[in-house]
Amino acid sequence: MAAENKEGNSAHWEEINPNDRLAHLVRYVARSLVRGLQMRLAEHNVLFGHWAFLRILWEEDGLTQHELNKRAGLMEPTTYSALRAMESLGYIERRHLPGNRKNLYVFLTTTGRGLRGKLVPLAQEVNAVSTRGLSEDDVDTCRKVLLAIAANMVHDEAQSEDVGRRLPSTRELSSWIRQAELLRADDA
């Protein structure tokens, strides 16, 4: 992989091995796209972590925290922290609807709605920068390939469940770490 400068971005992208594993290339490109958007969002005091929630709420305001969490594909604690921060920044408000004290619903404020006109063009700019010099056919092919890869991986995950392969929970991972720490302490 390419060397990175002190800010973490690639200093020598030309050194990327074009024959590297596809997962590495996709990760590198995804990271570059995220960084490009992060820099632009920061100009408007918006964190990248809030971007997904804003995009979802611009399409459908008034979702529950749980619905937002599922749509964003994040863990509950991450969603909770992000929404608290967004509320502090004045982008959203969380409230119960009459007759429903169980669920908290998330609504954009006037400020949050107003960000759409400022931020969406920034994301479009990142997309334009990333596809500079590519033909429409190349971009269409790239989309088709990425969607096919995503579909293949979804299928693989479903098959993995059939053979007992699964993602460990955060609790399980913490347990593994504690066990490893205990073994290291015993060896010392």
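State yes or no: is Ala82 free of Cβ contacts under 8 Å to residues at least 24 places away in the same chain and within 15 Å of the chain's Cα centre (by Cα)? Taking the combined requirement at face value, the residue does not satisfy it.
Which one of these does Arg171 not meet: (1) surrounded by 10 or more Cβ atoms within 10 Å (Cβ to Cβ); (2) basic (Lys, Arg); (3) closer than 25 Å to Pro77 by Cβ? Here Arg171 clears every test but (1).
Scoring Trp176 on the criteria (1) out of contact with any Asp or Glu (no Cβ under 9 Å at 6 or more places or on another chain); (2) at pLDDT 90 or above; (3) surrounded by 10 or more Cβ atoms within 10 Å (Cβ to Cβ); (4) part of a helix (DSSP H, G or I) leaves a single failure, condition (2). Taken together, Val129, Val46 contain a single residue that is touching a residue at least 12 places away in the same chain (Cβ under 8 Å) and not in a helix (DSSP H, G or I), which is Val46. Restricting attention to segment 30-43, the residues that are free of Cβ contacts under 8 Å to residues at least 60 places away in the same chain and surrounded by 12 or more Cβ atoms within 10 Å (Cβ to Cβ) add up to 5. Against the conditions (1) in contact with a helix residue (DSSP H, G or I) (Cβ under 6 Å, 6 or more places away or on another chain); (2) within 24 Å of Arg31 (Cβ to Cβ); (3) small (Gly, Ala, Ser), Gly73 satisfies every one except (1). Checking each residue in segment 49-67 for being of a type outside the set (Phe, Trp, Tyr), surrounded by 14 or more Cβ atoms within 10 Å (Cβ to Cβ) and assigned to a helix (DSSP H, G or I) picks out Gly49, His50, Ala52, Leu54, Arg55, Ile56, Leu57, Gln65, Glu67. Looking for something exposed (fewer than 10 other Cβ atoms within 10 Å of the Cβ) and at pLDDT 95 or above - is there at least one such residue anywhere in segment 149-167? No; the residues of segment 149-167 include none that is exposed (fewer than 10 other Cβ atoms within 10 Å of the Cβ) and at pLDDT 95 or above. Checking each residue in segment 129-148 for being closer than 26 Å to Met39 by Cα and surrounded by 10 or more Cβ atoms within 10 Å (Cβ to Cβ) picks out Val129, Ser130, Thr131, Leu134, Val139, Cys142, Arg143, Leu146. Scanning segment 96-123 for residues that are over 28 Å from Met39 (Cβ atoms) and in contact with a Leu (Cβ under 7 Å, 6 or more places away or on another chain), we see that the one that is surrounded by the fewest Cβ atoms within 10 Å (Cβ to Cβ) is His96. For segment 85-117, a residue qualifies if it is free of Cβ contacts under 8 Å to residues at least 12 places away in the same chain and either touching an Asp or Glu at 6+ places or on another chain (Cβ under 9 Å) or hydrophobic (A, V, I, L, M, F, W, C) (or both), and the qualifying residues are Glu87, Leu97.
The values are calculated or read from the model by the stated rules, or taken from the named source; none is laboratory data. Just so it is clear, the structure is predicted and the values come from calculations on it, not from any experiment. Glycine gets a Cβ as well: all are built from the backbone with ideal geometry, and neighbour counts include every protein chain shown.
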